[in-house]
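Here the structure comes first, spelled out in structure tokens, and everything after it is commentary.
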Amino acid sequence: MVKGRATAMHIYVRIRRDVPVGSPHIPPMSLDAETCHAACEAKDRRFDGRFYVGVTSTGIYCRCICPARTPKPQNRTFWPSAAAAEAAGFRPCLLCRPERAPGLAPIDAPARLAAAAYARIEAGALEEQGLEALADGLGVTSRHLRRVMNAQFGASPIEIAQTGRLLAARRLLNETALPVTEIAFAAGFRSLRRFNATMKDRYGAPPSKMRGRKTIARGETFTVSLSPRGDYNIASIAEFLRTRALPGVELGGAKTYARTLKMGDALGWIEIGMGPKGLMLTLSENLAPHLRPLVANVRGAFDLDAEMTAVDAHLSTDAGLAKDIKREPGVRIPGALNGFETAIRAVLGQQVTVAGARTLTDRLVTKFGATLERGPEGLNRAFPDAPTLANAGAAAIAKIGLPLKRAETLHRLAVTSSSGKLPLDRGAIASGRAALAEIAGIGPWTIEYVAMRALGDPDAYPATDIALINALGRKGETLEHLKPWRGYAAIRLWRRGAKKGIRP
């Protein structure tokens, strides 16, 4: 018997009677046993990542889409998260790879809080700060956060972080040629001894015995797969990013996006695009130690976990958007891989065209950005970080062609960010908005734009944006009837305006 494993059918899900079985959108904690069994039998991709199947006859847990033979109903147990399944003693399946499953799309307030905390934990928040600081950044007490996380995922924040470290290590062991020592620290373990002991205790074997059978040669790059929720329309996000791409920093294609990126002290590059097995992330090897937060960042920036069936259904209640959605479903929000960069570019974009903002930003990168020595053709510069701009001073920043007041706003933003008082991580919606509002020169449009793209607020809506006003044909419209997904409406309206030559 697997240590700690449930010996009887365990349905760790809260049944809600207001959501019909078979609904196109069923929140993860609304699933009942009947729905879970049906999803397993059909290997229904709509439910991938919403719950996990613990198989009592083998001691492993799987995604509901696992290609292996479907276990007998009496051998199935259902868990709301990988962490809950592992806490019960189940080991991850080597075929369906639970570490590759899409994340969860939150609906109600507790679920949004839990999802925001989950995303930040996956990005390594608990390795960098304690639970109290994480909860404070989310605007709640640590006790409330633990209660919500347990209710939503069946596991505590600490257990979720531990499972995240283990699953990240498994991915690195199976998909890279990195030495075990580097993998230990990349996954978030503080010592090799602790890493070896935890892996052996949880999975019954040391890391050295868990390498994939396929030999992987160590090179300058490596690629991992990413599983989006539902069909993925990469073209819409790629177009948004391509029209704003900075020379030397970003490269945009019809269905690809590449850029330079700094993680910790490592300056490298990444590329996201569609491959034969779905969405693929390629990164320079020097970013490998940061794979776990990087994957979490990319998932958020490319909106991979959005429940687009529900979003599109809600937006379709607006007659003006219904035709757009029918013609092009699944338009997601292009997020940000660097929150500070997005905030700086938003200030530079105040009251100017996209082309004008890009020109100013190009000058800023030329003057203050670092050089990438070994990148692919077309990627050779990095966006300046907060300490660099903070040390430069407003007068130096103004020399790129900015009014001094605008340069002072950029400088204040950089100083506040480098001091740690400006949270621009995905999920820090309340604290990030509040901190931005305290900076002189930052107005409602900038706050909403940054909240949408950097903080991950799906309801952010810059109502004063001229392109949105032109697309709607009227001023003062805040689209209250489209809450809590007005951000998706904004993206669609911007796309509509772009086709007419009007860009935000």
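The values are calculated or read from the model by the stated rules, or taken from the named source; none is laboratory data. Predicted model only: the values in this text are computed from it and were never measured. FYI the Cβ positions are ideal-geometry reconstructions off the backbone, even for glycines, and counts take in every protein chain you see.
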**Q.** All positions within the range 132-148 that are of a type outside the set (Gly, Ala, Ser), assigned to a helix (DSSP H, G or I) and under 19 Å from the mean Cα position of the chain (by Cα)
**A.** Leu134
Q) Is there a residue in the range 480-490 that is part of a loop (DSSP other than H, G, I, E, B), more than 24 Å from Val298 (Cα to Cα), out of contact with any Phe, Trp or Tyr (no Cβ under 8 Å at 6 or more places or on another chain) and among the charged types (D, E, K, R)? A) yes
Q.
Residues that are surrounded by 13 or more Cβ atoms within 10 Å (Cβ to Cβ) and acidic (Asp, Glu): list the helices (runs of 4 or more DSSP H) wholly contained in the range 348-403 that include at least 1 such residues.
A. 354-368
Q) Just to be sure, is Ala151 farther than 22 Å from Val298 by Cβ and outside any helix (DSSP H, G or I)? A) no
Q) Out of all the residues in the range 204-225, is one or more in the same structural domain as Ala288 (by TED's automatic domain parsing) and touching a Gly at 6+ places or on another chain (Cβ under 7 Å)? A) yes
Q | Enumeration of residues in the range 136-183 that are within 18 Å of Gly103 (Cβ to Cβ) and of a type in the set (D, E, K, R) | A | Glu159, Arg165, Arg170, Arg171
Q.
Could you tell me how many of the residues in the range 432-479 are part of a helix (DSSP H, G or I) and among the aromatic types (Phe, Trp, Tyr)?
A. 2
Q. So is Arg170 basic (Lys, Arg), modelled with pLDDT of 85 or more and either in a loop (DSSP other than H, G, I, E, B) or buried (at least 17 other Cβ atoms within 10 Å of the Cβ) (or both) or not?
A. yes
Q.
I'm trying to understand the selection: among the residues of the range 262-279, which are of a type outside the set (Phe, Trp, Tyr) and touching a Gly at 6+ places or on another chain (Cβ under 6 Å)?
A. none
Q: Only residues that are farther than 20 Å from Arg259 by Cα, of a type in the set (D, E, K, R) and assigned to a loop (DSSP other than H, G, I, E, B): list them for the range 290-331, please.
A: Asp305, Glu307, Asp318, Glu328
Q: Of all residues in the range 332-344, count the ones that are closer than 14 Å to Pro462 by Cβ and not in a loop (DSSP other than H, G, I, E, B).
A: 2
Q.
Just to be sure I understand, how many residues within the range 247-265 are more than 14 Å from Asn380 (Cα to Cα) and of a type outside the set (D, E, K, R)?
A. 7
(Q) For the range 173-187, which positions are within 22 Å of the chain's Cα centre (by Cα), in a helix (DSSP H, G or I) and surrounded by 21 or more Cβ atoms within 10 Å (Cβ to Cβ)? (A) Ile183, Ala186
Q. Identify, please: which residue in the range 173-223 is at pLDDT 85 or above and among the acidic types (Asp, Glu) and is, among those, nearest to Ile60 (Cα to Cα)?
A. Asp201
